[in-house]
1. Name every residue in the stretch 17-46 that is under 18 Å from G69 (Cβ atoms), small (G, A, S) and not in a helix (DSSP H, G or I), in order of residue number.
2. Could you list, in sequence order, the residues of the stretch 1-51 that are touching a residue at least 40 places away in the same chain (Cβ under 8 Å) and over 17 Å from R99 (Cα atoms)?
3. Can you name every residue in the stretch 1-16 that is part of a loop (DSSP other than H, G, I, E, B) and modelled with pLDDT of 85 or more?
4. List every residue pair whose Cβ atoms sit under 8 Å apart, with the two residues 6 or more apart in sequence or on different chains, where the first one lies in the stretch 87-106 and is at pLDDT below 80 and the second, anywhere, is surrounded by fewer than 10 Cβ atoms within 10 Å (Cβ to Cβ) and not in a loop (DSSP other than H, G, I, E, B).
Amino acid sequence: MFGPVASVVSYSTDDEAVELASEGEYGLSLGIVTADALAGLALAQRIPTGIVHINDQTVNDEANAPFGGTGSSGTGSRHGGAQANVDAFTETRWITLRREPGQYPL
């Protein structure tokens with residue numbers, strides 16, 4: 001069975017958050033809500049997941065974006081392991097981040 005799940009666990013330090021988030025066998029999606037987006041990005045880079053949402057909803061779905069997880073998450077766990085999932089479903093990951101929305105026109 002699979003259903004909507006939301007784990008809420010308190011932590012005291014970023015190191016503790018990384019440890020808590022990394023101790024399980026699954027790593028499909030990660031959501032971080034923070035007042036400091038760059039600190040959120042740094043934290044996300046330390047936690048193994050296939051998808052990361054910083055200050056955004058975790059239900060985004062884009063047909064042209066890679067979808068899959070690490071460990072026992074995603075199709076890679078059933079068809080050749082994590083590396084097969086990466087090879088079959090992803091391209092180079094490109095992340096852009098601005099502290100504030102851009103002001104237009106330039």
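1. Listed by number, the residues that qualify are G24, G27, S29, G31.
2. G24, E25, Y26, G27, L28, S29
3. The answer is S10, Y11, S12, T13.
4. none
The values are calculated or read from the model by the stated rules, or taken from the named source; none is laboratory data. This is a predicted model, so every value here is computed, not measured. Backbone-built Cβ (ideal geometry, glycine too); neighbour counts: all protein chains shown.
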